[in-house]
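Quick notes on the structure that follows.
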Amino acid sequence: MSEIEHTPGPWSVSFESVDPEWAIVATQGGRVVANVNADHLQDANARLIAAAPDLLEAVADLISLTRVVRLSVRLEYDQLKRIDRAKAAIAKDEGRQP
């Protein structure tokens, strides 16, 4: 994984915004990462955004683990495709082509 180009996590969600039409996703220091419109998907969208740094780190850790596993185990085609999907997701996050 390359250098972090986003606001480092952890991020959290607050539904106690100044404007009740919005939820706020922010860092522990209070830096706003995103404002999420208060439609019926607000809660789920805000939680997904807040989890993004943790999800990215977890996927990167799993990819690193698969490098070790590949040395001792022969992976099947569908398992390799899953790893490729994870790599593509990280590439998308970093603004690269997979």
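Brief remarks on what is shown
- Among the residues of segment 19-36, those identified as part of a strand (DSSP E or B) and of a type in the set (G, A, S) are A23, A26, A34.
- Among (1) outside any helix (DSSP H, G or I); (2) surrounded by 14 or more Cβ atoms within 10 Å (Cβ to Cβ); (3) modelled with pLDDT under 85, the one test that E16 misses: (2)
- When A86 is tested against (1) closer than 19 Å to E5 by Cα; (2) open to solvent by 100 Å² or more (accessible area, probe 1.4 Å), exactly one condition is not met: (2).
- The set of residues in segment 21-41 that are open to solvent by less than 30 Å² (accessible area, probe 1.4 Å) and in contact (Cβ under 8 Å) with a residue 24 or more places away in the chain contains only V25.
The values are calculated or read from the model by the stated rules, or taken from the named source; none is laboratory data. As the structure is a prediction and not an experimental result, all values here were calculated from the model. Cβ coordinates were reconstructed from backbone atoms using ideal geometry, including for glycine residues, and neighbour counts include every protein chain displayed. The area values use the complete protein model at the heavy-atom level, side chains included, leaving out ligands, DNA and RNA. Shrake-Rupley method; radii C 1.70, N 1.55, O 1.52, S 1.80 Å.
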